[in-house]
Amino acid sequence: MAKRIDSYLPVYQQHLREYLLKISPNTPLNELEELIQCFTIEKYAKNTILLPAGVNNNTVYFIGKGLVRIFYEKDGKEITNWLLEENSMFAPTYSILSGDTNYFTYQLLENSHLLKIDYAVWESYYSKYHAIERLGRRLISVYYGACMRKTVDVLFLSAEERYQLFVKEHQSLLNRVPLRHIASYLGITQETLSRIRAKY
Amino acid sequence: MSKIPEKDITLYHSILAKELLQYTSVPEQDLQAFVSCFEFHEYKKKDIIIAPGNTDAFKIFFILKGITRIYYVLEDKEITVSFKMENNVVYNGFTIFSGVPNIDNHEALEDLQVLAANIDNLEPLLYKSHPLEHLARKIVEKNYSSFIRSNYNRMFLPAEERYDYFMREMSSIVNRIPLKYVASYLGITPETLSRLRAKH
């Protein structure tokens with residue numbers, strides 16, 4: 001018989017605790033705990049569209065188990081922007097902050113267990129606790145940094161260098177993600193990806 | 001660093017304080033401590049105030065007078081990314097947020113007067129004051145949103161719409177920017193830009 005989803009909650013909460021403490025190490029544990037207790041757990045089937053483009057659900061997610069693909073559509077093609085695995089946090093952040101339409105689609109590539117919290121609840125902890133506001137600032141800085149870093153990589157690294165970097169940082173994704181999504185994420189064609197992979 | 005009269009630096013600090021108060025209210029004492037970290041500097045037209053690499057990696061600038069152009073060099077070509085003007089904040093986001101060496105040049109398009117501070121001096125104040133931390137979070141969120149927005153515009157809007165958007169956002173300074181830089185920013189040739197301008 002399959003385990004009940006709730007039985008996974010404590011271990012994912014522990015991972016969330018570790019993730020947030022890594023972002024902001026000096027967060028008081030009792031304050032962090034209060035925030036973590038606000039997350040609920042839910043399971044999703046492979047290929048579920050968690051959030052389609054054009055919709056904003058003001059929810060912050062943490063991946064307990066599974067794989068998320070974040071993509072947008074341009075000229076009729078799907079461009080994969082991010083591939084996230086266990087112990088990653090994500091949200092339709094731009095849409096939440098600006099009020100503009102969300103133009104990304106969030107899709108689950110595997111059966112997944114996600115922790116989630118309403119952004120309004122998450123944000124209420126910023127005013128409640130100074131350390132949580134600091135955590136929030138650091139978290140958005142990390143997102144911002146990741147976006148900037150990706151821009152730099154696409155501009156200045158060759159396709160092969162970007163592939164090598166991907167292998168170095170996301171080894172486990174190679175076996176879990178269809179190659180066409182990896183190619184799209186790296187900004188190259190599947191043919192180019194195959195050529196590069198043939199060398200290794 | 002230029003030596004300027006006490007009353008001038010007080011005036012400049014109050015200009016910065018007024019700009020910061022647009023994000024959120026901050027107690028007078030905390031705000032004063034924050035703006036006092038900023039020193040007055042002057043630069044000449046064509047000076048590079050933030051250079052590629054890690055030079056001045058942790059400086060943050062507030063423009064009192066003048067305009068800057070942010071560009072990077074790709075295969076010997078200058079690609080203009082954005083323009084900053086009076087009351088804008090300028091910093092090296094690459095290193096501050098993602099730890100990678102800066103790729104951008106921040107060039108003075110006119111003689112500049114700025115206030116500059118070191119991030120390392122500002123951080124301790126954020127620890128001591130919740131309102132200042134709130135201010136910092138709001139500023140980072142706004143900059144993150146602008147970054148995502150300008151990426152979106154560059155990807156999805158046709159040149160003519162981007163031109164309209166640019167003319168609205170930069171209406172106060174567009175006469176002070178050489179057209180070849182505007183063309184580069186819009187990702188079009190100077191000829192195409194002339195054609196667009198003739199239509200309006």
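The values are calculated or read from the model by the stated rules, or taken from the named source; none is laboratory data. Being a predicted model, the structure only gives us computed values, none of them experimental. All Cβ positions, even for glycine, are placed from backbone atoms using ideal geometry, and neighbour counts span all protein chains on display. All accessible areas refer to the heavy atoms of the entire protein, side chains included, with ligands and DNA or RNA removed. Shrake-Rupley method; radii C 1.70, N 1.55, O 1.52, S 1.80 Å.
Could you order B:Met85, B:Met167 by accessible surface area, starting with the largest, using a probe radius of 1.4 Å?
The ranking, largest first, comes out as B:Met167, B:Met85.
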Distance from the Cα centre of the stretch B:106-170 to that of the stretch A:68-106, in angstrom?
22
Let me confirm one metric for peptide A:126-136, namely the mean number of other chain beta-carbon atoms within 10 Å of its residues' beta-carbons.
4
Rg and Dmax in Å for chain A, alpha carbons only: what are they?
17.7, 54
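Calculate the mean, over all residues of peptide A:85-92, of how many other protein chain Cβ atoms lie within 10 angstrom of the residue's Cβ. Numbers along the way, then the final one.
Details: counts 0, 0, 0, 0, 0, 0, 0, 0.
Taking the mean over all residues of the peptide, I get 0.
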Using θ = phi - 60° and the Karplus form 6.51 cos²θ - 1.76 cosθ + 1.60, what ³J(HN,Hα) does each residue of the stretch B:110-124 get, whole Hz, x for Gly and Pro?
9, 4, 10, 10, 9, 10, 10, 9, 9, 3, 4, 7, 7, 3, x
Give me the three principal axis extents of the stretch B:6-127 from the C-alpha atoms, as integers in angstrom, largest value leading.
49, 30, 23
Spelling it out for B:Glu39: with amide H atoms placed in the peptide plane at 1.01 Å from N, the residues 5 or more places away or on another chain with amide H under 5 Å from its amide H are B:Ala116, B:Ala117
Once Lys and Arg are counted +1 and Asp and Glu -1 for all other residues with Cβ under 12 Å from that of A:Asn87, the total becomes 0
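Go through A:Ile196, B:Ile139 and list them by solvent-accessible area, largest first, probe radius 1.4 Å.
On the way: A:Ile196 10, B:Ile139 30 Å².
From most accessible down to least: B:Ile139, A:Ile196.
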With each run of n ≥ 4 DSSP H residues scored as -39500 (n - 2.57), what mean residue ellipticity at 222 nm is computed for the protein assembly as shown after dividing by its residue count and rounding to the nearest 500 deg cm²/dmol?
-14500 deg cm²/dmol
Taking the simple approach of a point 7 Å from Cα along Cα-to-Cβ for both A:Arg4 and A:Ser172, what is their distance in nm?
2.7
Placing unit charges on C-beta atoms (Lys and Arg positive, Asp and Glu negative, everything else neutral), compute the dipole magnitude of the protein assembly as shown about its Cα centre in debye, rounded to 20.
860
Please report, ordered by residue number, every helix of chain A (full DSSP H runs) that is 18 Å or longer along its axis going by C-alpha atoms and whose mean Kyte-Doolittle hydropathy reaches -0.5.
A:9-23, A:130-156
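Just tell me how shielded B:144-153 is by partners: mean number of partner chain Cβ atoms within 10 Å of each residue's Cβ, no decimals.
Numbers: counts 11, 10, 1, 5, 10, 3, 0, 3, 5, 0.
Mean partner shielding for this stretch: 5.
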Let a ≥ b ≥ c be the square roots of the eigenvalues of the Cα gyration tensor of the protein assembly as shown; is it rounded (a/c under 1.5), or, if not, prolate (a/b larger than b/c) or oblate?
oblate
